[in-house]
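See structure below.
The values are calculated or read from the model by the stated rules, or taken from the named source; none is laboratory data. This one's a predicted model, so the numbers in the text were calculated from it and none came from an experiment. With ideal geometry, Cβ positions are generated from the backbone for all residues, glycine too; neighbour counts draw on all protein chains shown.
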Amino acid sequence: QAKARGRNNVQLFQPEMLDAVQERSRITAELRTAVTGGELALVYQPVVELASGRVIGVEALIRWHHPVRGTIMPGSFIGIAEETGLIFELGRWVLHEGLAQMRRWSQTDPDLTDFCLHINLSAAELLRTDLLEDIRDTLANYGLDPRRLILEITETVLMSRETVQEQVLSGLRELGVGLQIDDFGTGYSSISYLRSLPADTVKVDQSLIKDMESDPRQQKFVSAILQLIFAAGLNATVEGIETAEQAAQLEAMGCLYGQGYFYGYPGPATEIPDQLRRPARRL
Ligand code: C2E
Ligand code: MG
Ligand code: MG
Ligand code: MG
């Protein structure tokens, strides 16, 4: 940032910078105890089939219920968890809690087995040597079909794959676990990679549909991106759908699946069985 203000412009260390550093180390220390101390929770947001409003999946999203500061959103601590390596423990917790919840849902209502669980995975987690084994064992322990788990990974990760990650990804695919490219359209040069990515589905980032309703050029742009995804033989889900208008436009573009406040907010696990039984809003 100092550089952006010009080469000859000397930046003095500001008190706010120290605050920021202190804040980060405090969060790091507190996050360490949060993982083991039961302060983390998952909320679940439905993924729907646009035509029917049927819930076909739920995405697990992490929340940190801090004893003093209240609920902290992932945007404020996932980055720190990644930098400090706490993401491994955090990710392990998310995976186990999410799959345990899948098991609980199927015990409450044995008919409710026709949906997938989406879990967000950080890049670093693909470097976990025991990831594949952990996922395989946990699925087996809970008697869950691997095809009911979908891992959401951002495109940047999938583009800069290293051999280790490559092996983990192909192992996961062999197992039957689904891979979804998350936040599609926010990275760079993803287009040329689209066909070679080891994924089955793409989740188009919410920023792309933000001004779509009122901007015909943006509509054409989104439509072209969807065509690109289809041409690569992949399925598309669009996230961040907030209005009926957006849903209708996306459906007209051939998009089959969507997610967003229009269909349902991220909420507690107890709300999911009802949402699975009756269709979410439909057009
Ligand atoms: P994401 O995976 O792209 O998730 C979508 C985010 O958009 C979520 O924010 C969700 O609450 C929000 N959202 C859903 N529908 C709408 C809508 O209609 N409008 C708007 N404006 N927003 C909507 P959240 O829960 O704050 O999560 C932010 C990001 O944090 C996620 O983005 C994901 O990258 C990361 N994250 C969340 N949980 C986990 C986790 O368990 N592990 C890892 N590694 N990352 C996670
Ligand atoms: Mg996601
Ligand atoms: Mg994401
Ligand atoms: Mg996103």
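Specify which of the listed residues (Ala81, Ala140) is assigned to a helix (DSSP H, G or I) and over 19 Å from Thr36 (Cα atoms).
So the residue among Ala81, Ala140 that is assigned to a helix (DSSP H, G or I) and over 19 Å from Thr36 (Cα atoms) is Ala140.
Looking at the stretch 231-250 only, could you name the residues that are buried (at least 16 other Cβ atoms within 10 Å of the Cβ) and either of a type in the set (D, E, K, R) or part of a helix (DSSP H, G or I) (or both)?
Listed by number, the residues that qualify are Glu239, Gln246, Ala247, Gln249, Leu250.
Can you tell me how many residues in the stretch 34-62 are over 22 Å from Gly258 (Cα atoms) and not acidic (Asp, Glu)?
Total meeting the criteria: 7.
Identify, from the list Gly91, Gly98, Gly85, the residue that is out of contact with any Pro (no Cβ under 9 Å at 6 or more places or on another chain) and touching a residue at least 40 places away in the same chain (Cβ under 8 Å).
Among Gly91, Gly98, Gly85, only Gly98 is out of contact with any Pro (no Cβ under 9 Å at 6 or more places or on another chain) and touching a residue at least 40 places away in the same chain (Cβ under 8 Å).
Considering only the stretch 114-133, how many residues are surrounded by fewer than 16 Cβ atoms within 10 Å (Cβ to Cβ) and either under 16 Å from the mean Cα position of the chain (by Cα) or at pLDDT 90 or above (or both)?
Within the stretch 114-133, residues that are surrounded by fewer than 16 Cβ atoms within 10 Å (Cβ to Cβ) and either under 16 Å from the mean Cα position of the chain (by Cα) or at pLDDT 90 or above (or both) number 3.
Results for (1) of a type in the set (Phe, Trp, Tyr); (2) in contact with a Pro (Cβ under 6 Å, 6 or more places away or on another chain); (3) in contact (Cβ under 8 Å) with a residue 60 or more places away in the chain; (4) closer than 18 Å to Ile119 by Cα, shown as yes or no for each residue.
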{"site": "Val202", "(1), (2), (3), (4)": "no, no, no, yes"}
{"site": "Asp205", "(1), (2), (3), (4)": "no, no, no, yes"}
{"site": "Ser214", "(1), (2), (3), (4)": "no, no, no, no"}
{"site": "Arg217", "(1), (2), (3), (4)": "no, no, no, no"}
{"site": "Leu226", "(1), (2), (3), (4)": "no, no, no, no"}
{"site": "Gly233", "(1), (2), (3), (4)": "no, no, no, no"}
{"site": "Leu250", "(1), (2), (3), (4)": "no, no, yes, no"}
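Could you list, ordered by first residue, the pairs with Cβ atoms under 7 Å in which the first is in the stretch 127-148 and on the phi < 0 side of the Ramachandran plot and the second is of a type outside the set (A, V, I, L, M, F, W, C) and surrounded by fewer than 17 Cβ atoms within 10 Å (Cβ to Cβ), at least 6 apart or interchain?
Leu132/Gly171; Thr138/His96; Leu139/Pro146; Tyr142/Arg103; Leu144/Arg103; Pro146/Gly176; Arg147/Gly176
Could you please find all residues in the stretch 98-113 being more than 16 Å from ligand 2 (Cβ to nearest atom) and modelled with pLDDT of 95 or more?
Hits for the stretch 98-113 are Leu99, Ala100, Gln101, Met102, Arg103, Arg104, Trp105.
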